[in-house]
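See below for the structure under consideration.
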Number of protein chains: 2
Amino acid sequence: MNILTRPILEINLANVLKNYKMLAKIADKAIPAAVVKDDAYGIGAEKVSQLLYEQANCRCFFVAHALEGERISHLVPQATIYVLQGIGADSLAVFQKNGNLIPVISSPEMLEFFKQNNLDGIKPAIQIETGLNRLGFRENELTRLSDDDKKIFGLVLSHLACADEKDHFMNHHQIENFTKLKNKYFPKTLSTLSASDGVFLGEEFHQNIVRLGAAMYGINTTPYRQNQMENVVTLKAPVLQIANLPKGDFVGYSATYRASSDRKIAIVSIGYGDGLPRSLSNIGKVFFKTLNKLTEARIIGRVSMDNVICDVTAVEGLQCGDMAYFADDFYTLDDVARDAGTISYEIMSRLGKNTRFLKVYK
Amino acid sequence: MNILTRPILEINLANVLKNYKMLAKIADKAIPAAVVKDDAYGIGAEKVSQLLYEQANCRCFFVAHALEGERISHLVPQATIYVLQGIGADSLAVFQKNGNLIPVISSPEMLEFFKQNNLDGIKPAIQIETGLNRLGFRENELTRLSDDDKKIFGLVLSHLACADEKDHFMNHHQIENFTKLKNKYFPKTLSTLSASDGVFLGEEFHQNIVRLGAAMYGINTTPYRQNQMENVVTLKAPVLQIANLPKGDFVGYSATYRASSDRKIAIVSIGYGDGLPRSLSNIGKVFFKTLNKLTEARIIGRVSMDNVICDVTAVEGLQCGDMAYFADDFYTLDDVARDAGTISYEIMSRLGKNTRFLKVYK
C-alpha cells in the first residue's frame, strides 16, 4: 500500500530547449530571444534562463518586471534583459544595480522619467502602438519626439494582437503600421515585433529579434493547425482515497453532483489551491495509468482548495497512491484550458507558483 | 509625474484578528482554531499564525499539507497543528521532525500506514464522511475498526458541504450523520465539524473545535445575508499609460473589444500573471480615486499576463501613476469573484502566491 499526499509538477527542460531551437530555426534570419516573464510562464525563470544561456547561447531575454530581471541577471551575465513594463520610481534602484537590464519605454511620461534619472550607458527600447492598443507610443506622441530623443533608443518594439490566427486582418494591419512608423521615426534602429505566434506568420514578421515564449513552453500558438512543439508539463496528483458512492448521494460543495447510479470515486490530492482551475468542476478530465492502459475519467462535483473528486468507476485496478494525470503529452494544458474556459498560459502561470507541489525537472 | 510599475496587495492583519475574535465569540463554547492552509488562503500563513498565536492565544491550527505545518511550526511552538491531507510516504519525515504536527487520518489504508510507522505520542484525528463524499472513513470502514484502533484518535473531524446555505437540507442530514457516527464509534472523543460558515448555523454545529478560515480572511460565508466580517484585502495597481482610443479601434488580444465611440483608456500594470482572473476580460470592474471621489470603470478587451486595459473616459483628472483599485472595502473580492464566475477563495489563493506584488501588511 502506497500512501502519498503531494501533487507533482514535472517539467521537461529538454523539450524547452528543443522547442527554442525549432522556433529559432524557423526565424533563422532573426536573433532569438527568450521570454521568461512571470517566472518563465511558471516553468521556472532561473532554470530556463540558465539552460538557454549555456546550451543555446541565448543572449537576449525579456521579462515583465525589473525584479524578474534581477532574479536571472547573475545567471546570464553577458546577456541583455529587456524589461517590458519599463522603468518607474518603484524599480529605478533595480536598474541602477543591474547594468544588463534595459527598460522598454512605452510613453512620453516614462521617457521623461528615464531621462531625469540619467542611467548612463543604457540604450532603452521604445514600444510603439500598432493595433493592440496596450502599452506603447501613439503616433501623435512619436511626432513630438526630438531628434535627440529618437537617438536614445536601441530597439523598436511592438506586439501583435491576433498572431495566433494566421489570416486575421489585424496581422496585415499591424505589420503595415509597424513598417511605416519604424521607417519614419527609427529607420536605423533594430526592431522586434513577434512573439512565438508571430514566428509562424512568415519572414517579414521576424524583424531583427523574435521573442520566444509560449511555444517554447509547449503551448500551441498555431491553433489553426496541429501543435509543432514538444510538451513540457506533466501534472499529476496521488489518489488519497477510493470509496463507493451510492446512487442518490451528492458530491462536493453545494452538492452540485448527484450519482444517478452506484459509482466508485477517487479523492485526489490536488485542488484550486494548487492551481487546478475551479472552473473544471463537473467538467474536467483526468486520466489513470493502470494495468498498462490509459483510462479517461471525469472530475465530479466542485473542485475544492486541496482536493478533487473523480468518477473512477471505469478505471480497473486503481489503488491508493496511484497517480491521477491532469496534463501530459496525451492531454496537454491546451486541452485542459479548453475545458476550463481559458488559455493554457493562465493555467501554467498558476501552477508554476505553487509551493505544495513536488516540482521535478527532467 | 509619478511612474510606477508594480501592483500592490495590501493585507489588513488587524481585521484578520478582529474577524477571528468575532467568530470565536459566536462559537464561544468551542475552542477556536485557525485554518492557515494554502498559505492562509494567500494571506500569509506565517503572519497570520504568529498574530493569532501571540495576540489571541490561538493554540490550534489546521493546514492541508505537512510542509505547510512545518513552515509555521516554530512560530507556534505550544500549539497543535492538524494536517488535513494526512500522512503518507512523502510526508512521514516531516511528522517525525515536527512533534506538534498531527495527521488527520481519512482511510483505513492511511491508518495502516500510520500504525506501521509508530509515531509515538501522536494522537491523530480521524476524518469521517457525513455527506460531502470527499475524504473520510465511510461507515462500513468504521465498523471494521478494532477497539484498539478507536482509542488511537484524539479528535473526530468531518466537513459540511452546504453550510453557506442556512436552510440547505444537507446541513441537517450531516449533523444527524455526524452525531450518530460520533456517538456510536467515538463517544468520548473531541469533535469538530464546522468551518467558518458552520459557525453561523448554531451551537449544535460548533462541537468542541471550530475551524476558522474563510470568514476570518473577510470572505462572506453567509451569502444569504450581509457580510459581518471586516475586509482584509486591497488590490491595486498603477496606471502605466493613458491614451486615446479612436472610434473603431480594437483593444487587446484577439481584438475582442471595439470602440463604438472615441474613448480614453488606461493601461494598468497587472494581469493574470499576477492573479487577476482572465475571466474578467471585458467584464471586470475597476475603480479610481481621483479629485476626491471614487469613479467606477470597466476592463475592456482581454486581460493579458502583465496588463489590463480600462475604459477611463468617465474618470476625471486621472494621471499616470494613479492607482486602479480592483478590490477594497467598497468592492470586495466576493464582488470580483462574482464578476469572474468563481469564488473569492480561489482569487485570494492566486493573489497570495504572487511575487511581483509589493505586499504590504497593515
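The values are calculated or read from the model by the stated rules, or taken from the named source; none is laboratory data. Just so we're clear, the structure is a prediction, and the values are computed from it rather than from any experiment. Cβ coordinates were reconstructed from backbone atoms using ideal geometry, including for glycine residues, and neighbour counts include every protein chain displayed.
Just to verify a result, which residue in region B:345-362, among those that are surrounded by fewer than 19 Cβ atoms within 10 Å (Cβ to Cβ) and not in a loop (DSSP other than H, G, I, E, B), is farthest from the other protein chains (Cβ to nearest Cβ)? Ranking the qualifying residues of region B:345-362, first place goes to B:Tyr361.
On the basis of being of a type in the set (S, T, N, Q) and closer than 27 Å to A:Ala324 by Cα, does A:Asn2 make the cut? Yes, satisfied.
For region A:251-294, name all the residues that are touching a helix residue (DSSP H, G or I) at 6+ places or on another chain (Cβ under 7 Å) and surrounded by 15 or more Cβ atoms within 10 Å (Cβ to Cβ). Result: A:Ala255, A:Tyr272, A:Gly273, A:Gly275, A:Pro277, A:Arg278, A:Ser279, A:Leu280, A:Gly284, A:Lys285.
The combined condition, being within 23 Å of B:Asn307 (Cβ to Cβ) and either surrounded by fewer than 22 Cβ atoms within 10 Å (Cβ to Cβ) or touching a Ser or Thr at 6+ places or on another chain (Cβ under 7 Å) (or both), is not fulfilled by A:Lys166. Being at positive phi and hydrophobic (A, V, I, L, M, F, W, C) is a property that A:Ala27 lacks. In region B:208-221, the condition of being within 14 Å of chain A (Cβ to nearest Cβ), over 18 Å from B:Val35 (Cβ atoms) and either in contact with a Ser or Thr (Cβ under 7 Å, 6 or more places away or on another chain) or among the β-branched types (Val, Ile, Thr) (or both) is met by no residue. For region A:263-270, check the following and say yes or no: at least one residue is in contact (Cβ under 8 Å) with a residue 60 or more places away in the chain and either among the acidic types (Asp, Glu) or not assigned by TED's automatic domain parsing to the domain that holds A:Ser349 (or both). Scanning region A:263-270, I find no residue that is in contact (Cβ under 8 Å) with a residue 60 or more places away in the chain and either among the acidic types (Asp, Glu) or not assigned by TED's automatic domain parsing to the domain that holds A:Ser349 (or both), so the answer is no. Please tell me if B:Asn100 is at positive phi and surrounded by fewer than 23 Cβ atoms within 10 Å (Cβ to Cβ). No, not satisfied. Does A:Lys188 qualify as being more than 22 Å from A:Tyr82 (Cβ to Cβ) and away from chain B (no Cβ under 14 Å)? No. If you go through region B:303-355 and keep only what is over 20 Å from the mean Cα position of the chain (by Cα) and within 27 Å of B:Tyr217 (Cβ to Cβ), you end up with B:Val303, B:Met305, B:Asp306, B:Val308, B:Cys310, B:Met323, B:Ala324, B:Tyr325. Output yes when any residue across region B:105-117 is in the same structural domain as B:Ala33 (by TED's automatic domain parsing), assigned to a helix (DSSP H, G or I), free of Cβ contacts under 8 Å to residues at least 12 places away in the same chain and among the aliphatic types (A, V, I, L, M), and no when none is. No - not one qualifying residue is present in region B:105-117. The single condition from (1) more than 11 Å from every other protein chain (Cβ to nearest Cβ); (2) within 18 Å of the chain's Cα centre (by Cα); (3) charged (D, E, K, R) that B:Asp197 fails is (1). For region B:88-102, the criterion of being in contact with a Pro (Cβ under 8 Å, 6 or more places away or on another chain), part of a helix (DSSP H, G or I), more than 10 Å from chain A (Cβ to nearest Cβ) and under 21 Å from A:Arg6 (Cβ atoms) is satisfied by at least one residue.
Here's a check for you: in region B:335-344, which residue that is touching a strand residue (DSSP E or B) at 6+ places or on another chain (Cβ under 9 Å) and buried (at least 19 other Cβ atoms within 10 Å of the Cβ) is farthest from the other protein chains (Cβ to nearest Cβ)? Among those residues, the one meeting the criterion is B:Val336. Checking B:His173, B:His168 one by one, the residue that is modelled with pLDDT of 95 or more and touching a Gly at 6+ places or on another chain (Cβ under 6 Å) is B:His173 and no other.
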